[in-house]
Amino acid sequence: MSYKNYPMVSRVVFGRGCFNQLADIISPKRLNTRAPFIFLVDDVFKGDAWLNSRIPLAYDDQLIYISAKEEPKTSQVDELVEQIILTHKDRPSGIIGIGGGTLLDLAKAVAIMLTNEGESRDYQGWDLVKNPAIYHVGVPTISGTGAEVSRTTVLTGPEKKLGINSDYTPFDQVILDPELTKDVPKEQWFYTGMDCYIHCIESLNGTYLNAFSQSYGEKAYELCKEIFLDNDLSEEESQDKLMMASWHGGMSIAYSQVGVAHAMSYGLSFLLGTKHGIGNCIVFDHLEEFYPEGVALFKKMKKKFDIKLPQGLCADLDEQQFDTMIDVAISLEPLWENALGKNWKQTITREKLRALYEKM
Ligand code: NAD
Ligand code: ZN
């Protein structure tokens, strides 16, 4: 038995308004005046003076707004890297990602691809990255994915949706300022928050569970119950707690694995472009047989916040499309093994997955 030797985020600052410290934190990391910091910022913040006035641009630093409407693609990462190389003489001093899981994953992937040859699709998988990434900083503006703490960056490539999992992927610095999440729309808040809740359920009910994962998973699960079921949290408390739940949920799956909802949601996302948070919710809503208590609580939370999930997503799919979706889901073997144990193939057949997808 060999145990995972897991890399962690080297530095983290937490607190309402700590985003103000960004300049102080990164300036010692500037290599020289020609080596810029590249800020990758969710374009939802375009024109938002409250946020932008605190992005410390100097010398040749560059700010690139990026839409989070679609999840990151390998081609998008490669184009960004090329654009950065062509624009600047020197290799950047660092990449700073500001946004949700989409921007955080882009920042991690770009930081890796600036020091590694070839295309990002070559690195989708486990431990394929050869050289350390350049300095990279994550600033989440919505809570739930755990991308701020994870060892992966999930990319959709031509053939697969798979992360670049490596020891060089985690951020060197994370800035956890819950105030940055204040304007997230309710539906999106719920979907991304439920990603965290589902991480906890899948980790705590998985066969890979161990004391390390459990300690983080239980904390995140308790926080999610406070946030999504209790009545007496202020908005600020709720923002603070969800940011910490996301962190702990991410730590919990780091040392175990996700499960059925994530495997099936990857299928939806690959075929239909359904985004991670809402896709997980659509799938999880139909997983009573795998996670009875988790799904029952999820339905309560959904009701409390009056969330109406899309229905009939798979109603008009043809055979080939079902096959593609099932191929993607079933190929994620560690997720199924975590969820159901070594003999998972006895329960999870193509017919079984087809029947589940037909309900969605
Ligand atoms: P997101 O980054 O896709 O953003 C969702 C929406 O919220 C976007 O419209 C965005 O513009 C908006 N938004 C973000 N911050 C906002 C703010 N402060 N105010 C108003 N609107 C705001 O959302 P997400 O759910 O955080 O991330 C999903 C992505 O994360 C997927 O691509 C998924 O694959 C990835 N992911 C990665 C990991 C990992 O470990 N690397 C884990 C889970 C998910
Ligand atoms: Zn997730």
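No value in this document is a laboratory result; all are computed from the given coordinates. This is a predicted model, so every value here is computed, not measured. In this analysis, Cβ positions are derived from the backbone assuming ideal geometry, glycine residues included, and neighbour counts consider all displayed protein chains.
With coordinates expressed along the principal axes, the C-alpha atoms belonging to the range 11-181 extend over 40, 36, 28 Å, beginning with the largest. Here the chain is assigned +1 on the Cβ of each Lys and Arg and -1 on the Cβ of each Asp and Glu. Its dipole about the Cα centre then comes out at about 380 debye. Sort the range 5-88 into rounded, prolate or oblate with this rule: let a ≥ b ≥ c be the square roots of the eigenvalues of the Cα gyration tensor; rounded if a/c is under 1.5, and if a/c is not under 1.5, prolate when a/b is larger than b/c, oblate otherwise. Because its axes are fairly even, with a/c under 1.5, the range 5-88 counts as rounded.
Straight Cα distances below 25 angstrom link Lys345 to the lysines Lys160, Lys161, Lys359, with same-chain residues fewer than 8 positions distant left out.
Neighbour counting of Cβ atoms within 10 Å sorts the residues Trp247, Trp126, fewest neighbours leading, into Trp126, Trp247. Here the Gaussian network model covers the chain, with springs between Cα atoms less than 10 Å apart; of Ala107, Ala261, Ala315, Ala315 fluctuates the most.
Measuring against 32 Å, Cα to Cα, the residue pairs Lys73/Lys304; Lys46/Lys275; Lys4/Lys186; Lys108/Lys303; Lys241/Lys308 contain Lys73/Lys304; Lys4/Lys186; Lys108/Lys303 as the ones spanning a longer distance.
Only the Cβ atoms of Lys and Arg (+1) and of Asp and Glu (-1) were treated as charged; on that basis the dipole of the range 127-215 about its Cα centre amounts to roughly 200 debye. If both residues of a DSSP beta bridge must be in the chain, then about 10% of such bridges are antiparallel.
Counting every other Cβ atom within 10 Å of each residue's Cβ, Lys359, Lys89 order from fewest to most as Lys89, Lys359.
Evaluated with a Cβ-only charge set (Lys, Arg +1; Asp, Glu -1), the range 177-326 carries a dipole of roughly 140 debye about its Cα centre, given to the nearest 20. Among Asp42, Asp24, Asp240, the largest mean-square fluctuation in a Gaussian network model of the chain, built with springs joining Cα atoms closer than 10 Å, belongs to Asp24.
On the beta carbon distance between Gln311 and Gln346, with R0 = 25 Å, the FRET formula returns roughly 0.25. For the chain, the residue among Leu229, Val12, Phe190 whose Cα projects farthest onto the positive side of the dipole built from Cβ charges is Val12.
Quick check: from the Cα gyration tensor, does the range 186-358 come out rounded (a/c under 1.5), prolate or oblate? Cα axes put the range 186-358 in the oblate bin. The ranking of Asp172, Asp105, Asp183 by Cβ neighbour count inside 10 Å, starting from the fewest, reads Asp183, Asp172, Asp105. When you count the other C-beta atoms within 10 angstrom of each residue and take the mean per peptide, 343-355, 59-71 line up highest first as 59-71, 343-355. Short-range pairs are left out: with C-alpha atoms under 8 Å and at least six residues apart, the relative contact order of the chain is 15 percent. Spatially, the range 9-66 and the range 214-290 are offset by 28 Å when compared through their Cα centroids.
With a cut-off of 12 Å on the backbone N, the residues of the range 308-341 near the modelled label site 7 Å out from Thr207 along Cα-Cβ are 334-341. One way to sum up the overall shape of the chain is the equivalent ellipsoid from its Cα gyration tensor, whose semi-axes run 32, 24, 19 Å, largest first.
The aspartates and glutamates whose alpha-carbon is closer than 18 Å to the alpha-carbon of Lys29, local same-chain residues fewer than 8 away aside, are Asp60, Asp61, Asp90, Asp172. The slack between Met1 and Lys303, meaning 0.36 nm per residue of separation minus the straight C-alpha distance, is 104.3 nm.
Taking a ≥ b ≥ c as the square roots of the eigenvalues of the Cα gyration tensor, the range 283-326 is classed as oblate, since a/c reaches at least 1.5 and a/b does not exceed b/c. As a length-normalised measure over Cα pairs under 8 Å and 6 or more apart, the relative contact order of the range 186-358 settles at 28 percent.
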